[in-house]
Structure formats: structure tokens, C-alpha cells
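The values are calculated or read from the model by the stated rules, or taken from the named source; none is laboratory data. Quick caveat, the model's predicted, so the values are computed rather than measured. So basically every Cβ, Gly included, is an ideal-geometry build from the backbone, and we count neighbours across all protein chains shown.
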Amino acid sequence: MSEFAAVAVFLLVGTGIVLFTFLLAKIIRPSAPNPVKLETYECGETPYGTAELQYNVRFYIYALLFVIFDVEAIFLFPWALVYRSLGLFAFVEMVIFITILVFGLFYAWRKGVLKWF
Amino acid sequence: MLELRGIIDAIWSFIVGLLAGLGIPQWAIELVGYALIAVVMFGVVAVIVLFLVWWERKVSAKMQDRLGPMRVGWHGIIQTIADAIKLLQKEDITPKAIDFPIHFWAPVVTFVAAFMVYVTVPFGKGLIVSDLSVGVLYIIAITTFTVIGLLMAGWGSNNKYSLLGGFRSAAQVVSYEVPLSLALLGVIMISQTLSLGTIVTQQDNLLKWYVWRQPLGFLIFWIAATAECNRTPFDLPEADSELVAGFVTEYSGMKFAMFFLAEFVNMFTASVVAVTLFFGGWMSPFGPDFGPSWMWFLGKTMFFVFVLMWFRWTYPRLRVDQLMGFAWKVLLPLAFLNILLTGLGIYLFDGLK
Amino acid sequence: MTEISLTNLTFYILSFCIIAGGIFTVSSRNLFHSAVFLVFTLFSVAGMFVMLNAYLLAAIQVLIYVGAVAMLMIFGVMLTTRLADVRLRHVNEQSWPALAICGFFLAFLVYGLWDTPFTVSGVPMPADTAHALGTLLMTKYVLPFEVVSLLLLAALVGAVVIAKKD
Amino acid sequence: MDQVPIGLNHYLMLSGVLFTVGIFGVLTRRNAIAVLMSTELMFNAANIALVAFSRFVTPAALTGQIVAMFTIIVAAAEATVALAIVLLIYRSFKGINVDRINFMKW
């Protein structure tokens, strides 16, 4: 556990330093807000509506695909870690595992999910 | 030899003597030590980034037959320090429509995530803060916080450009993350460890560099890492002709600086991981004790940073459909192929138990 | 303070982070804030796994929960809710009965768990859990391991069929 | 600061409290994604208990950690399908408040 103490300290010290620079900047910098300055930036035009648009659902579908393949990739790490000591059996297991998921990838491909337009 | 470990140990034993003399218990000394290391590491990272910003401008200028920054200091070398001071005193414009806590914490999350990677980076012989036993996974895990940070920036700004830029960056980073982890898997299969320190010591001369056994893996990793850093040719999120500045549109002053710093830190991190896993880290090509190890490390890493800058002025930007198609239809199948080939190679050439 | 009390202190701080993060997750009006608090909670849980010597599991927790699941939640929030929705009522009319039920449940749990003498083993944890986990996954638990690939395939096909615009 | 070392019961209490918080969220939230977040909290509570048992009761066997690993994976698969369904609901109902989606009730 003590090896992770450094991680915790880095987290706290890093956050602390960043907040400190924000504070420093707050002390140094000028502050002269006015209503026009505080408008949402839209290339100089008066903002039209809010950021409520119908966004492309493609982004979401890629995120769904990502979760599946990320889980798979992470699940392979413990396997890779002991690959040499387990022999041919582990290799065959992995070929089956990967084949099943590659099948999924090709399914998504054939269904046209990977096409952007 | 110019090894830094001895100097650091000498300074550290002096501090320990001082603190122990004051009657401070052992565990507190350890924590203070880590805190000091963290502050020093922050300084090191900051100096590296300041240098990289200047260097990028110089390299860009040379490639376009310009001079680049020349005014402040010798060949403009302290230009970035001047820029940093300027950013520090810039007015911080936070629009009224933002979601304040999210807008405020997004740059903090992004930067701290980029910074925390350096807990387990071996800078040289003995120069590693904490050689975590799950080091490789730790680095991948911490860098995923970057996605959270930029989604926060995109949402918190409540601006169309920011939101769209955030979506784009997240979809891109996420798509290239799978091939990236799978490419690193090949190295893990050969090295049988996740600790970065051990992976470096396994590659103790030129012939043992893992890049020779993982050429495809390295190629996949390097392309994916370029995309993860949002560098050209994968810099769609900040395609300034379409999205102004992407998710940083509504940021100014020090908050903008944090995103900017994090971008360069991530660029350095990508090079560090490439060097550590594929090119022997701080080991010199001729054996473990040839020249100061940290110089080898920095030299190799700077070369890869230079390659990233070189990419920027060589390749045109991809279209969004090409970008996604490349990750899912080319890199991902290739990464699977790489794992199968690696498994087969280990089986045929090394033999399994 | 000694080594033991430092561990205790870490435990209490992490517990506080987990529970406070959880409470904010379920009670925040702004759904995006909920998602960010969820990330915070999940990260603290990873810290708890580190305290329990499960380093590999902590890394997996951050990678899958924070990097994938919470990221997906944030995507979902960004696609389906607006900043303006914050003004809407975010809980249904059953919150007081629900609170009562949860109170009873918690009291029941505390009553049941606090004094149960579990047989705590004195055997120390193996130093290298990552390799041990890999070996177990490939030997004793190899069937679940393969079933997981089928499960992931099913989830993939399901998600594609449901989410694809036609 | 008490000197009692943190034991199994402390972790189980933490797990119980987190689980209760998750239940409260599932029972009261109107938004489908918020309900999903609450279920993730409950998954995590269960994982803490599993890993704690693995640490204290069967340290050598690591069964708890393996099961927790499978739980994480099942949770990820569940979240994927559930969020795809949320997207579908959003498309057909123009909103994802679960108390409006009651047409299968009777």
C-alpha cells in the first residue's frame, strides 16, 4: 500500500499547486466585467439560443462500442501477464476469446455502425 | 558518472537528519519526502513544458522557413516564460451562462491527471518516484481522466462550439484508446510484468529493445498516441476553421493555460511511454552503464517529441469519418493481429513452459 | 499517531469521500453534477481497493468504471438533458417513504453485520495479486472467462441493434 | 483517534451504507440515467464487500477479487445496453423521466 502513498500525495500536491496558481492569478489580474464581455462566445454575434442542439448520435454509438472493447482489452491484461507460464492452453483460450469479439466487431461493421455518414 | 540518484540521496539524507533532529516521526518524514518530490516533479514538468512550447515554435518556424521567436533572450528562449507571465495577469472572462463548478474544475482535472502519470515514470537509474506494480495499467487509467476533463469543459461552458468540440475530442480519444491498450499488451506478453522499472531493466542493450519484437505494436501505439494527444493529423477537436477553439473556447487566462500545459504534458507522456516500453527507457543502447542514464532518457524522449512536431507539418488533417474509420477498421483489427502474432511468436521462438 | 492510525485516518477519509460522493450523486439536481460526483465516488472506491491490497482491481476499477462506464453516463447526460432542466423536479413523490425504507434497511444491515464474528484468516495476502489473478483466470475460472466474451458479444449486438437509427 | 485497526466489519459497514444510498437513488430519482448511476453505486458497494471478504477471510484464494472483476465487467455490459435503451426512450418519448414511461404498467 505504501507504494501508492506517492499517488495520493501527487494528487493532493498537484491539485494544490493548480489552485494556488489560480489564486495567484486572481490576485494579480485585472477584473473589469461588462455584460457584453460575459456573453457566450459566438464569433461576435449575439448568442442565438443556448447550447441545446440535436447532436449527432454517432458519438454515442462509438462510446457504446468503446465500452465493450475497452472491457475486453482490460480483461486481456491479467492474461498477458501470465502468458509465458501457462503454455499453449492459454493461447488457444485467447484465440477463442478474441475471435468471438472480432465477430462482434465485424457484425457492427456490416450493420454500418462504423460508417460516419 | 553524472548519475542524479546519488545527489538526490545526499540531499534527502540531509533533510531526514534535519527533520529527525526535530523529533518528527518516521511516517511523517516519508510523507514530507513524497510532498517535496511532488513539488520538484511539478517544477521539472513545468520546465520541460516551457522548453517544449519554445521548441515547437522554433521547429515549426524552421520547417516553414521563418525564424520563430527571436526577441526575448537568446533565440527567444525565455519567450514562453514571458508568455506564462502574460497569461498569469490576463483577465479571466467567465461568461454568465456557464455551469460554474464544472467550468472551474475541468482544467484542474485535466492538468492533475496529466501530472499524476509522472509518479511511476523512470527518468533514469533509480530516478522513479514509486515503481508501481501495476505501472502500465496505472498510466492508462490516469490518462482516461483527460476524457472526463474535456467533457466537463465542453459541458460547463454551455457553448455550442465547446460542446461539439468536447464531443469530438472525447469520441476521438476514446476510439483510439482501445488500439492503444491492445498495442501495449504485446509488450506485456513479452515482459510478463506491468512495472515500468522492470520493463526498462529488461531492455539493457540495443538488441533487446522491444521495438524489434513489436514493430507492429509500436506503430499502432504511436499512431494511437498521436491521436490521443489531439495532435495533427488528428487535431479535429481544435480544428480552428470549424470550431473556434473546441472545448477551450470559453476559457481564458490561467484556466486556458492549464489546458495548454496539459496538452504539452500529454505529448511528453506519449513519448515517455514509447521510449520506456519500446526503446529501452533510460538504458543506453550499449549497456546499462554508458553515460548518464537520465540524459539517454531525455534524449530519446525529445527525439519522439520532435517526431510529433514533424508530423504536424507533414500530414494534412483527416476528415472526421476517416478519423473514426481508421481507428475502428484499420488499427483495431491490426492490434488484434499483433496480439495473435506476438502469442504465436513467443510460442515458436521462446517456447512456453 | 502511529502507522496504524495513519491507515485508519486514510480509511475514514476515503469512506467519507465515498459516502458523500454517493449522497451527492443520488441527490444532485443537476444531472451532470451527479455524473461528476459518480466519477469521484468510483475513484475513491478504487482507493479503497488499494487499501485492501487489490492493486490490479483498483486499476481495472478506474479504467472500466471511470474511463468507460462513467464516461458513457456523461455522454448520455450530455445528449439527453439540458442545463435548463436543472429547474425541473428531479425526484418522484415517493422520496419520504423511500427514505424510511432505506433507514430501516440500513438499521437492519448494521444490526446484522456489526457483531457477526466472521472467521478472519491470519494468512497474509500474496504479494503479487496481479499474476495470481491472471493464473486463476486462466485455470480455475476459465469457463466464466470465455462466457464473458459471449456476454460482451451479446451486449455489443444488443447495443448496436437498439441504438442504430433505421 | 482510536487505535482499533480497521477490520472486516468497518468495510462491510461502508459497503452497507453505500448500498443504501444506491437504493435510495433507485427508488426516488425520476431520470433514467440517474437511476442507472444509483445502480452503479450499488454494484460498487457489493464490490467493496467482496474485496474485503477476499482480503480478510480468504486471503490466499483471491475468490472475492475474481468475482469483483466479473461484477465490474457485467456492470459495464449492463450499462452499455441500458444506455442504448435510454437513447431509444429519449428518441421515442422526447424525455427520459422514468415515471412517464409507464405504458406497460397495465
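Counting only residues that are farther than 27 Å from A:L11 by Cα, in contact (Cβ under 8 Å) with a residue 60 or more places away in the chain and not small (G, A, S), give me the helices (runs of 4 or more DSSP H) lying completely in region B:1-90 with at least 1 of them.
B:26-63
If I filter region D:41-71 down to residues being crowded, with 24+ Cβ neighbours inside 10 Å and out of contact with any Ser or Thr (no Cβ under 9 Å at 6 or more places or on another chain), which single residue comes out as nearest to the other protein chains (Cβ to nearest Cβ)?
The selected residue is D:V51.
Any chance region A:89-104 includes a residue that's assigned to a helix (DSSP H, G or I) and under 20 Å from the mean Cα position of the chain (by Cα)?
No - not one qualifying residue is present in region A:89-104.
Of everything in region A:7-37 that's loosely packed, with under 12 Cβ neighbours inside 10 Å and in a helix (DSSP H, G or I), which residue is nearest to the chain's Cα centre (by Cα)?
The residue in question is A:F20.
What's the number of the only condition in (1) within 27 Å of A:F77 (Cα to Cα); (2) outside any loop (DSSP other than H, G, I, E, B) that B:G126 fails to meet?
Only one criterion in (1) within 27 Å of A:F77 (Cα to Cα); (2) outside any loop (DSSP other than H, G, I, E, B) is unmet by B:G126, namely (2).
Quick one: is B:V174 under 30 Å from B:G343 (Cβ atoms), crowded, with 23+ Cβ neighbours inside 10 Å and of a type outside the set (F, W, Y)?
Against the criterion (under 30 Å from B:G343 (Cβ atoms), crowded, with 23+ Cβ neighbours inside 10 Å and of a type outside the set (F, W, Y)), B:V174 qualifies.
Quick one: B:W105 ticks every box in (1) more than 8 Å from chain C (Cβ to nearest Cβ); (2) surrounded by fewer than 24 Cβ atoms within 10 Å (Cβ to Cβ); (3) over 30 Å from B:G6 (Cα atoms) except a single one, so which number is it?
Exception for B:W105: condition (1).
Mind counting the residues in region B:297-353 that are farther than 30 Å from A:S85 by Cα and β-branched (V, I, T)?
6
Residue check: is C:A130 under 22 Å from the mean Cα position of the chain (by Cα) and more than 30 Å from A:W109 (Cβ to Cβ)?
yes
Quick check on C:L136: is it within 30 Å of A:Y62 (Cβ to Cβ) and either within 14 Å of chain A (Cβ to nearest Cβ) or among the aliphatic types (A, V, I, L, M) (or both)?
No, not satisfied.
Do we have any residue at all in region B:16-34 that's among the acidic types (D, E) and in contact with a Lys or Arg (Cβ under 9 Å, 6 or more places away or on another chain)?
Checking region B:16-34: not a single residue is among the acidic types (D, E) and in contact with a Lys or Arg (Cβ under 9 Å, 6 or more places away or on another chain).
Taking B:A170 as the residue in question, decide whether it is under 29 Å from B:W328 (Cα atoms), more than 9 Å from every other protein chain (Cβ to nearest Cβ) and of a type in the set (G, A, S).
No, not satisfied.
Name the residue, out of C:V157, C:V62, that is at pLDDT 85 or above, under 20 Å from B:L137 (Cα atoms), at the interface with another protein chain (Cβ under 7 Å from one of its Cβ atoms) and part of a helix (DSSP H, G or I).
C:V62
Can you find even one residue in region B:202-213 that is within 27 Å of B:V320 (Cα to Cα) and either buried (at least 24 other Cβ atoms within 10 Å of the Cβ) or not β-branched (V, I, T) (or both)?
No, region B:202-213 contains no residue that is within 27 Å of B:V320 (Cα to Cα) and either buried (at least 24 other Cβ atoms within 10 Å of the Cβ) or not β-branched (V, I, T) (or both).
Out of all the residues in region B:1-19, which are in contact with a helix residue (DSSP H, G or I) (Cβ under 8 Å, 6 or more places away or on another chain) and at pLDDT 80 or above?
B:W12, B:I15, B:V16, B:L19
Quick one: in region B:128-150, of everything that is without any contact (Cβ under 8 Å) to a residue 60 or more places away in the chain and farther than 29 Å from B:I8 by Cβ, which residue is nearest to the other protein chains (Cβ to nearest Cβ)?
B:T144
Every residue, every condition in (1) more than 8 Å from chain B (Cβ to nearest Cβ); (2) at pLDDT below 85, yes or no:
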{"site": "A:G49", "(1), (2)": "yes, yes"}
{"site": "A:L53", "(1), (2)": "no, yes"}
{"site": "A:F59", "(1), (2)": "no, yes"}
{"site": "A:F66", "(1), (2)": "no, no"}
{"site": "A:A80", "(1), (2)": "no, no"}
{"site": "A:S85", "(1), (2)": "no, yes"}
{"site": "A:V95", "(1), (2)": "no, no"}
{"site": "A:F103", "(1), (2)": "yes, no"}
{"site": "A:Y107", "(1), (2)": "yes, no"}
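Which number in (1) surrounded by 18 or more Cβ atoms within 10 Å (Cβ to Cβ); (2) free of Cβ contacts under 8 Å to residues at least 40 places away in the same chain; (3) closer than 21 Å to C:F43 by Cα marks the one condition that D:M13 misses?
(1)
State whether the residues of region C:101-110 include one that is under 20 Å from D:A76 (Cβ atoms), within 24 Å of the chain's Cα centre (by Cα) and facing another protein chain (nearest Cβ under 7 Å).
no
Against the definition (more than 9 Å from chain C (Cβ to nearest Cβ), under 22 Å from B:W282 (Cα atoms) and touching a Phe, Trp or Tyr at 6+ places or on another chain (Cβ under 8 Å)), how does B:F123 come out, yes or no?
The answer is yes for B:F123.
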